[in-house]
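Structure, as structure tokens:
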Amino acid sequence: MDLHGRNLLKDTDLRADEFLTLLDTADGLRAEKRAGGERQRLCGRNIALIFEKASTRTRSAFEVAAHDQGAHVTYLGPEESQLGHKESMKDTARVLGRMFDGIEYRGFSQAAVETLGLHAGVPVWNGLTDEWHPTQALADMLTMRDHASKPLSAVSYCYLGDTRNNTANSLLVTGARLGLDVRMAGPEALWPSPVVRNLAHELAVASGAELTVTDDVFEAVRGADYLYTDVWVSMGEPAESWDERIDLLLPFQVNAAVMHAAGNPEVKFMHCLPALHNEETEVGRRLHERRGLRALEVTDDVFESHASLVFDQAENRLHTIKALMVETAGD
Ligand code: CP
Ligand code: NVA
């Protein structure tokens, strides 16, 4: 399968077989790295990393993956480029396309990454926008496949919380495309948009996926293999949203009772991270002082439990992002 030159701007840019090929490539690259004998397929390549929002995992994964594979990276943070201040995305795309062999973009607008993808002339990878987080879905599917004792297509997962954020959109559409049993549990006010739901529905008709969107937590988690959640207020949303979000989303917190309600002794917990599971962060502390909550979207006992796969997911960001760069921009 030849993915050379392709963009990953949103999850639907990859067919199911292409997506699964990337998981296989990631699996192979992970084994090579662990064995200590990684063959470099990106030697001499230059990779641009544009970050208009903060990142720990995505930036680190792109940087380490590039270094492992012999490529050089240039980080362009919010203050480091002319982008948006004095130069349009279309112009930036044409400039960077003359210098780099691949471009990662994390920012606000999906339209921005689409413009970059249209005009750069080299592969462009979406490292998160307000709408999609496709490299996260790659790592999550690899993690689910790693831990499942059945084929990936037989896996069921339930995403709880803000079911219309970037991570949720990507998980819904990816699961729909791959034929999984996907449940989204959240308050109706935060359900995925009709556009995303229709897209997921069309994909599910073709793949045989089962899709559920509901506000009934206990119904949604029953029999699930994986329970997944994400932060209740995403980057770029106003901090004033916290109070309203807490009121809406507290019933969808992943805690011991919700894990138990899955009725599956093997149920696992997943989170893209960062997570607000204790008071060791500034936001966590502030919300504890104001609302008396020790944890937000997931309780500390679940986060720290044996069922928690969150650090496997984080590591798999590296292997899957490496696979993406190798397949689209490598030898
Ligand atoms: N999961 C994820 O995208 O993490 P970062 O925001 O740290 O990149
Ligand atoms: N939904 C979160 C994901 C962070 C990786 C955000 O956009 O902030």
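Would you confirm whether any residue within region 135-142 is assigned to a strand (DSSP E or B), touching a Lys or Arg at 6+ places or on another chain (Cβ under 9 Å) and at pLDDT 95 or above? The answer is no, given that none of the residues of region 135-142 is assigned to a strand (DSSP E or B), touching a Lys or Arg at 6+ places or on another chain (Cβ under 9 Å) and at pLDDT 95 or above. Scanning region 205-258 for residues that are surrounded by 21 or more Cβ atoms within 10 Å (Cβ to Cβ), hydroxyl-bearing (Ser, Thr, Tyr) and within 16 Å of ligand 2 (Cβ to nearest atom) turns up Tyr228, Thr229.
Here's a check for you: in region 208-240, which residue that is among the polar types (S, T, N, Q) and either within 16 Å of ligand 1 (Cβ to nearest atom) or under 15 Å from the mean Cα position of the chain (by Cα) (or both) is farthest from Leu160 (Cα to Cα)? Full working, then the answer.
Initial filter on region 208-240 (among the polar types (S, T, N, Q)): 212, 214, 229, 234.
Of the ones still in play, those that are also either within 16 Å of ligand 1 (Cβ to nearest atom) or under 15 Å from the mean Cα position of the chain (by Cα) (or both) are 229, 234.
Working: Thr229: 5, Ser234: 14 Å.
Out of the qualifying residues, it is Ser234.
Checking Thr92, Thr74, Thr129 one by one, the residue that is of a type in the set (Val, Ile, Thr), touching a strand residue (DSSP E or B) at 6+ places or on another chain (Cβ under 8 Å) and within 16 Å of ligand 1 (Cβ to nearest atom) is Thr129 and no other. Tallying residues that are in a loop (DSSP other than H, G, I, E, B), in contact (Cβ under 8 Å) with a residue 24 or more places away in the chain and more than 16 Å from ligand 2 (Cβ to nearest atom) within region 282-302 yields 3.
Which condition number in (1) in contact (Cβ under 8 Å) with a residue 24 or more places away in the chain; (2) within 16 Å of ligand 2 (Cβ to nearest atom) is the one that Ala261 fails? Going through the list (1) in contact (Cβ under 8 Å) with a residue 24 or more places away in the chain; (2) within 16 Å of ligand 2 (Cβ to nearest atom), Ala261 breaks only (2).
Given the structure, is Phe19 assigned to a loop (DSSP other than H, G, I, E, B) and either at negative phi or within 16 Å of ligand 1 (Cβ to nearest atom) (or both)? Please lay out each step first, then the result.
Details: assigned to a loop (DSSP other than H, G, I, E, B): no; either at negative phi or within 16 Å of ligand 1 (Cβ to nearest atom) (or both): yes.
No.
Consider Ala314 carefully, then state whether it is within 16 Å of ligand 2 (Cβ to nearest atom), within 27 Å of Gly28 (Cβ to Cβ) and small (Gly, Ala, Ser). Yes; evaluated as a whole, the condition is true for this residue.
When the residues of region 35-60 are filtered to those that are within 11 Å of ligand 2 (Cβ to nearest atom) and not in a loop (DSSP other than H, G, I, E, B), which remaining residue is farthest from Gly117 (Cα to Cα)?
First pass over region 35-60, keeping only residues within 11 Å of ligand 2 (Cβ to nearest atom): 53-58.
Okay, now just the ones that are also not in a loop (DSSP other than H, G, I, E, B), so 57-58.
Details: Arg57: 22, Thr58: 19 Å.
In this case the residue turns out to be Arg57.
Quick one: would you say Glu279 is more than 15 Å from ligand 2 (Cβ to nearest atom) and modelled with pLDDT under 95? When the stated conditions are applied, Glu279 passes them.
Being over 18 Å from Lys322 (Cα atoms), among the charged types (D, E, K, R) and part of a loop (DSSP other than H, G, I, E, B) is the requirement here; does Glu80 meet it?
Numbers: over 18 Å from Lys322 (Cα atoms): yes; among the charged types (D, E, K, R): yes; part of a loop (DSSP other than H, G, I, E, B): yes.
Taking the combined requirement at face value, the residue satisfies it.
From the residues in region 61-71 that are crowded, with 17+ Cβ neighbours inside 10 Å and either in a strand (DSSP E or B) or not small (Gly, Ala, Ser) (or both), which one is nearest to ligand 1 (Cβ to nearest atom)? The qualifying residue nearest to ligand 1 (Cβ to nearest atom) is Phe62. Residues that are under 21 Å from Arg30 (Cβ atoms) and either out of contact with any strand residue (DSSP E or B) (no Cβ under 8 Å at 6 or more places or on another chain) or surrounded by 24 or more Cβ atoms within 10 Å (Cβ to Cβ) (or both) within region 151-161 comprise Pro151, Leu152, listed in sequence order.
For region 147-186, the tally of residues that are without any contact (Cβ under 8 Å) to a residue 40 or more places away in the chain, of a type in the set (Lys, Arg) and assigned to a helix (DSSP H, G or I) stands at 0.
Yes/no matrix, rows are residues, columns are (1) over 17 Å from the mean Cα position of the chain (by Cα); (2) more than 15 Å from Thr143 (Cα to Cα):
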residue	(1), (2)
Val254	yes, yes
Val267	yes, no
Cys272	no, no
Ala275	no, yes
Thr281	yes, yes
Asp301	yes, yes
Ala307	yes, no
Ala314	no, no
Ile321	no, no
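Scanning region 1-15 for residues that are surrounded by fewer than 17 Cβ atoms within 10 Å (Cβ to Cβ) and touching a Ser or Thr at 6+ places or on another chain (Cβ under 8 Å) returns Met1, His4, Gly5. When Gln40 is tested against the conditions (1) within 13 Å of ligand 1 (Cβ to nearest atom); (2) surrounded by 14 or more Cβ atoms within 10 Å (Cβ to Cβ); (3) polar (S, T, N, Q), the lone failure is (1).
The values are calculated or read from the model by the stated rules, or taken from the named source; none is laboratory data. From a predicted model like this one, the values you see are computed outputs, not experimental measurements. As a convention, Cβ positions derive from the backbone with ideal geometry for all residues, glycine included, and neighbour counts pool all protein chains shown.
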